[in-house]
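The values are calculated or read from the model by the stated rules, or taken from the named source; none is laboratory data. All values reported here derive from a predicted model rather than from experimental measurement. Heads up, the Cβs are rebuilt from the backbone with ideal geometry, glycines too, and the neighbour counts pull from every protein chain shown.
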Amino acid sequence: MEPLTALARRDISHHFHPYSNAQAVARDGPLVICGADGIEVIDEHGKRYIEGMSGLWCASLGFNEPRLAAAAEKQMRVLAYYHTFSGKVNNVVAELSAVLTALAPTPALRAGKVLFANSGSEANDSVVKLVRYYHNAIGQPKKKKIIARVKGYHGVTVASASLSGIPAMHTHFDLPMDGVLRVGCPHAYQFAKPGESDIAFVDRLVIELEALIALEGAETIGAFIAEPVQGAGGVLIPPSGYFEKIQAVLRRHNILFIADEVICGFGRTGMRFGSETYGIEPDFLVTAKQITSGYVPLSAVFVAQPIYEACAAASAGVGVFGHGYTYSGHPLACAVALETLKIYEERDLVGRVKALAPIFAAGIAGLGAHPLVGHSRSVGLIGAIELARNRATRNPFPPANGVGAYLVQRAQAHGLILRVMAGDVIACCPPLIITEAELSALFTRFEAALADTASWVAQTYG
Ligand code: PLP
């Protein structure tokens, strides 16, 4: 193993790493990234990596788009900060709000409003508060519980982590908080019964949802939250018909739909919004990440018109709508978002994702044919392979074997950054600007890492 560099030593001495195995980082040191060139990032030794995860599913325009740098610089010089409280606003957030509502996928959202925050977590946290506010406003004060799904990922604040269905986000944090109900995850490979068809699997999930609502009482349930494609849970793509049937049940019981599009929003699935890909008509649509290509923190919640109207009316009674962040609608973030959205339109990035999707899907399916892979899946430019000890029985490797982590390490050695998620799922979510030639290089490196892993598994575990 290479000796740790001075920078790596400084980092591990002083930095409390998020989402890392702290002891492993302290032992092995972090990968220190210092520069970028399009879809590649460059480490402190000058080694280049194709960033196959767009960082954390966000850098849609790569890592050094000059137009975004120029937009940020210009805004910093003109008006670096102004807030949005007490009847004041900056000109940039006013413009962005209008641009965003015009892009919204449904009439109710287009007629509604956009509420800004700084991260996906804060945005979902805000929605939890809005679900409460709205139901108090319309005289249904018991209708507050939120249904969330196994393997959902909605962020790390107390409320958004509670909605998330990933055990490591709860352990030692005394979460989830009260008021969160859980239903199953529509990942047939792991959760369908042997021989169960997709239709029968979906119907079982619908029955489960109906039973939960009957048990708890629809009058106590305010909302249901779902990512159109579950990202951090393992790139879990719903079977066809899933959202249509789930949505019908929710409508029948007046349960609001929160679409968490923090990953899917702005083109990832081949439509502007995942809600369009899956026919969802949400009451809240939550975006972040690709709204600024990840360059500046910003999140935006689209709130449907009737919900906004009820909240606005109720706030009149209080005298103020008592929610907002110092940095809600920060002009720097909004200026970068406006430029990002302009680039998306000019370069027709949604059309580009649609055009590249079959090539991406073929690459993922090619990996899926390897004996070490139990399942592969993709939509638009997001996909994953799920490793299996035994393809036929879908038996995973024991987590302690670290097979997925090994693959990701080998990919890194080959100049490709991927990410492993629980269950040895290897995710891939490249920048939306990736070219066909770059995709081909990405898959060549991915295949090499998979081949290395297969040899290592054969030697180590027979
Ligand atoms: N929701 C989804 C679907 C996400 O993938 C994430 C982060 O990956 C979040 C919410 C939380 O966003 P943030 O990390 O910006 O708080």
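Taken over region 41-62, the residue count meeting the criterion of being of a type in the set (Asp, Glu) and under 18 Å from GLY265 (Cα atoms) is 0. Here ASN136 meets each of (1) in contact with a Ser or Thr (Cβ under 9 Å, 6 or more places away or on another chain); (2) at negative phi with one exception, condition (1). Within region 203-252, the residues that satisfy the criterion of being crowded, with 19+ Cβ neighbours inside 10 Å, over 30 Å from GLN140 (Cα atoms) and among the small types (Gly, Ala, Ser) are GLY231, ALA232, GLY233, GLY234. What about LEU215, is it free of Cβ contacts under 8 Å to residues at least 12 places away in the same chain and outside any loop (DSSP other than H, G, I, E, B)? Taking the combined requirement at face value, the residue satisfies it. Being within 11 Å of the ligand (Cβ to nearest atom), in contact (Cβ under 8 Å) with a residue 12 or more places away in the chain and either farther than 24 Å from ALA337 by Cα or part of a helix (DSSP H, G or I) (or both) holds for only one residue in ILE263, ILE246, ILE225, and it is ILE225.
The number of residues in region 5-27 being among the hydroxyl-bearing types (Ser, Thr, Tyr) and either at pLDDT below 90 or over 17 Å from MET169 (Cβ atoms) (or both) comes to 2. The number of residues in region 249-260 that are among the β-branched types (Val, Ile, Thr) and either within 16 Å of the ligand (Cβ to nearest atom) or assigned to a helix (DSSP H, G or I) (or both) comes to 2. Among all positions in region 286-294, there is at least one residue which is surrounded by fewer than 24 Cβ atoms within 10 Å (Cβ to Cβ) and within 14 Å of the ligand (Cβ to nearest atom). Checked against (1) touching a Ser or Thr at 6+ places or on another chain (Cβ under 6 Å); (2) in a loop (DSSP other than H, G, I, E, B); (3) not acidic (Asp, Glu), ILE434 passes all but condition (1). The residue that is farthest from the ligand (Cβ to nearest atom), counting only those in region 104-120 that are surrounded by fewer than 23 Cβ atoms within 10 Å (Cβ to Cβ) and in a helix (DSSP H, G or I), is PRO107. The condition (being within 15 Å of the ligand (Cβ to nearest atom) and under 30 Å from TRP57 (Cα atoms)) is satisfied by just one residue among VAL202, VAL127: VAL127. Tallying residues that are part of a helix (DSSP H, G or I) and within 11 Å of the ligand (Cβ to nearest atom) within region 146-168 yields 3. Among the residues of region 266-278 satisfying the criterion of being over 12 Å from the mean Cα position of the chain (by Cα) and part of a helix (DSSP H, G or I), which is farthest from the ligand (Cβ to nearest atom)? Filtering region 266-278 for residues that are over 12 Å from the mean Cα position of the chain (by Cα) and part of a helix (DSSP H, G or I), the one farthest from the ligand (Cβ to nearest atom) comes out as GLU276. Just one of the listed residues (ILE426, ILE433) is of a type in the set (Val, Ile, Thr) and in contact with a Phe, Trp or Tyr (Cβ under 9 Å, 6 or more places away or on another chain), and it is ILE426.
Of everything listed in (1) in contact with a Cys (Cβ under 7 Å, 6 or more places away or on another chain); (2) among the β-branched types (Val, Ile, Thr); (3) under 30 Å from LEU338 (Cβ atoms), the single unmet condition for VAL128 is (1). Taken over region 324-358, residues that are over 15 Å from LEU96 (Cα atoms) and exposed (fewer than 15 other Cβ atoms within 10 Å of the Cβ) amount to 7. Restricting region 170-202 to residues that are touching a Gly at 6+ places or on another chain (Cβ under 9 Å) and in a helix (DSSP H, G or I) leaves a set whose member that is surrounded by the most Cβ atoms within 10 Å (Cβ to Cβ) is VAL202.
Whether a residue is of a type outside the set (Lys, Arg) and in a loop (DSSP other than H, G, I, E, B) was assessed, and GLY317 does not pass this test. Give the residue that is nearest to ASP260 (Cα to Cα), with candidates limited to residues of region 75-101 that are surrounded by fewer than 19 Cβ atoms within 10 Å (Cβ to Cβ) and in contact with a helix residue (DSSP H, G or I) (Cβ under 7 Å, 6 or more places away or on another chain). So the residue we want is THR101.
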